[in-house]
Each structure stands twice: as structure tokens, then as C-alpha cells.
Amino acid sequence: MEARAILKDVPTSPRKMRLVADMIRGQKVSKALALLKFQPRASSPILHKVLLSAVANWQQLNEGAKLEDADLIVKTVFIDGGRMLKRLRPAPQGRAHRIRKRSNHITIVIDDASVTAEAQEQAVITES
């Protein structure tokens with residue numbers, strides 16, 4: 001059973017956030033949390049909180065299962081562009097330059113690795 005967590009309008013550019021998100025995509029949740037905890041980038045604590053929220057959502061959906069027994073992996077991580085704040089900065093000769101303050105939306109989906117492997121095996125059997 002997969003679980004997801006979404007955080008919208010994070011005031012960081014999507015490009016900077018994707019650099020950190022690419023590191024945790026496909027990793028085990030415990031390893032991903034460790035990577036995010038010691039990563040020096042500013043977007044790491046935000047992704048860490050969203051990943052913890054996804055784990056809490058998984059626990060809510062699977063009340064009988066133990067977190068230690070489950071082999072959770074980060075199935076997908078989406079970093080989509082959010083709204084853009086447009087500001088003006090003074091420029092020479094009375095002109096103005098536009099400053100675009102970007103934001104993003106984060107979506108993290110986690111799943112049990114053993115369940116995912118069984119689903120892939122069933123798909124291969126049905127195709128044959």
C-alpha cells in the first residue's frame with residue numbers, strides 16, 4: 001500500500017530542490033532520511049519533513065503493520081514549479097529589472113518494496 005505526502009508553495013526554486021530530490025529517489029526510506037539529515041543544502045530539511053510525513057501517512061493506512069518490518073522505499077519524488085512572485089529591482093538609467101522569486105510543490109510517494117516486487121512478478125506472469 002503506497003502512501004504520499006504533498007507540500008505546496010515551498011519558497012525555493014524547483015531546480016535547487018530537484019538536486020536533492022534526485023539523491024533520494026528509489027532509495028530505502030531509512031537511507032533517504034539519513035542522506036537528508038546530513039546534506040548541507042537548504043532544501044534538505046524541507047524534504048526531510050515531507051518524507052517523515054509520508055511515513056506517518058503510511059503508518060496511518062497500515063495500522064496493523066510495523067514500520068520496522070516494512071521495507072519502505074521512496075517510489076517517486078515530484079518537484080513541480082509553483083507560483084512565481086514577480087518583483088522589480090532598480091537598474092541603471094531609471095530602468096527596472098524583473099526578479100522572479102520561484103516556488104515549488106513537492107510530492108513524495110513511498111511504498112513497501114516487497115509488495116512492489118510481488119506486483120511486478122504478477123505483471124510479468126500475466127503478460128506471458
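Listing for the model above:
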read-out: Flag if residue 124 is touching a helix residue (DSSP H, G or I) at 6+ places or on another chain (Cβ under 9 Å) and either assigned to a strand (DSSP E or B) or farther than 20 Å from residue 18 by Cα (or both); value: no
read-out: Enumerated strands (runs of 3 or more DSSP E) restricted to region 1-120, each holding at least 2 residues that are surrounded by 14 or more Cβ atoms within 10 Å (Cβ to Cβ) and not polar (S, T, N, Q); value: 3-10, 72-81, 104-112
read-out: Members of region 13-66 found to be β-branched (Val, Ile, Thr) and touching a residue at least 40 places away in the same chain (Cβ under 8 Å), listed by number; value: 24, 29, 46, 50, 55
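Every read-out reported here was derived from the displayed coordinates using simple, explicitly stated rules and does not represent laboratory data. All values reported here derive from a predicted model rather than from experimental measurement. Neighbour counts are summed over all protein chains in view; Cβ atoms, including those assigned to glycine, are modelled from backbone coordinates with ideal geometry.
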